[in-house]
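Report on the following structure.
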Amino acid sequence: MIKKKGRQTVEFTDPVYILSHAAIGGKKEGEGPLKDDFDMIVSDDKMGQKTWELAESSFLRTAVEHAIKSAKLTTADIDYVLAGDLQNQCAATHYAIRDFPIPYFGLYGACSTMCESLSLGSVLISSGAANRVLCATSSHYCSAEKQYRSPLEYGGQRAPAAQWTVTGSGAVILSTEHAKCKITHITTGRIVDKGITDSANMGAAMAPAAMDTILAHFNDTGRTPDYYDLIVTGDLGRVGTDILCDLMLREKTDINSRHRDCGLLVYDRMRQDVHSGGSGCGCIASVFSGYLIKAIENGKYNRILLTATGALMNPLTVSEGESIPVIAHAVAIERSEI
């Protein structure tokens, strides 16, 4: 059952459960602090494909296969797939999901897509329209650089505030069946644009949207930061994390001790030279589908507010000097005793 809370939040009085999950990482991700939390590390970031774009499809396909196998299900048991990526027209996802005979919704929220898919998937299940929904996203460093900046062969110098797009994918299966993790609330974001035009400083562009959605969640639910063990953002990186925490303090809401960012968790910034940290659809997807869900299942954390941010620009709008509109979606996830 769905219950509206305030302007932007929905409560699921009958929780939606996370039945299974899978996280796939590339070579660089397998050298980072969360290497043991990936279900599979791929040493060849091209996965035997002839292009980076098809390689990304292979990452997503592999995550979907792992999630279905982990749940001991078949494709016939999945009612819908909700998925997307950063490529033009979500091509990586389309080419991956064409191999699965499952009804499909293609989504685009940039790096917020994982929380968008979790939100819409939860609504489908809670409404009775589905019993099992598979949510997934992916990204690839090489395909993202090629599309948004310049091919790797160009050898352009990266700005200090720039982030490193995660090569990886994450997938979860939502279900009505009881499991150790449950989704209790979603807070849908509003587009926020503070006039940032520097696409190499995504943290500065995205932090205000993260603040807007997190504050909306607290206002709608009456909760405070200490309700959660962690308040996790998608990929603000070092720059965006500092900005977000400062903005929250200005609103008299202190999240410093509980905030973590997936872009800072997935890499060792100093050792791996990723500048401000990780980014991309695959960033929050793989960290959540691997490390965070396992930490909830194992009892390390009981309540997490997962907030994914997405920059809703494209290469053309950036080249034309347009500012960067941003969205952030939040999902409240809690440990469930079976």
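Here, each number is a calculation from the coordinates, and none is a lab measurement. What you see is a predicted model, and the numbers here were worked out from it, not measured in a lab. Note that each Cβ is placed from the backbone with ideal geometry, even for glycine, and that neighbours are counted across all protein chains shown.
Key figures for this structure:
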quantity: Estimated FRET transfer efficiency (R258, D44; beta-carbon r; R0 30 Å; 0.05); calculated: 0.20
quantity: FRET efficiency, D193 to F100 (Cβ-Cβ, R0 41 Å, nearest 0.05); calculated: 0.70
quantity: Point-charge dipole on Cβ atoms (K/R +1, D/E -1) for the chain, about Cα centre, debye to 20; calculated: 380 debye
quantity: The range 1-133 - convex hull of alpha carbons, volume per residue in Å³; calculated: 131 Å³
quantity: FRET E, pair K3, D77, Förster distance 22 Å, beta-carbon r, rounded to 0.05; calculated: 0.20
quantity: Cα gyration tensor category, rounded, prolate or oblate, for the range 123-243 with a/c compared to 1.5; calculated: oblate
quantity: For L54, net neighbour charge (Lys/Arg +1, Asp/Glu -1) across residues whose Cβ lies under 14 Å away; calculated: -1
quantity: When each of K28/K180; K35/K294; K35/K194; K27/K146 is checked by Cα-Cα distance, pairs over 25 Å; calculated: K28/K180; K35/K194
quantity: Cα-based convex hull volume of the chain per residue, rounded to whole Å³; calculated: 121 Å³
quantity: Listed peptides 257-264, 193-200, 314-321 by packing density, highest first (mean Cβ within 10 Å); calculated: 257-264, 193-200, 314-321
quantity: Cα principal axis extents for the range 181-335, largest first, Å; calculated: 47, 37, 24
quantity: Top positive-direction residue, dipole computed over the range 132-226 with Cβ charges, set G168, C135, P208; calculated: C135
quantity: Computed [θ] at 222 nm, deg cm²/dmol, the chain (DSSP H ≥ 4; -39,500 (n - 2.57); rounded to nearest 500); calculated: -9000 deg cm²/dmol
quantity: Two-site label geometry, K300 and Q89: point separation in nm, points 7 Å out along Cα→Cβ; calculated: 4.1 nm
quantity: DSSP beta bridges in the chain [antiparallel fraction, %, rounded to 5]; calculated: 70 percent
quantity: Difference of contour (0.36 nm per residue) and Cα-Cα distance, K69 to D268; calculated: 68.6 nm
quantity: Fraction of beta bridges assigned by DSSP in the range 2-175 that are antiparallel (%, nearest 5); calculated: 65 percent
quantity: Relative packing of 32-44, 237-249, 63-75, 299-311, which averages over residues the other C-beta atoms within 10 Å, highest first; calculated: 299-311, 237-249, 63-75, 32-44
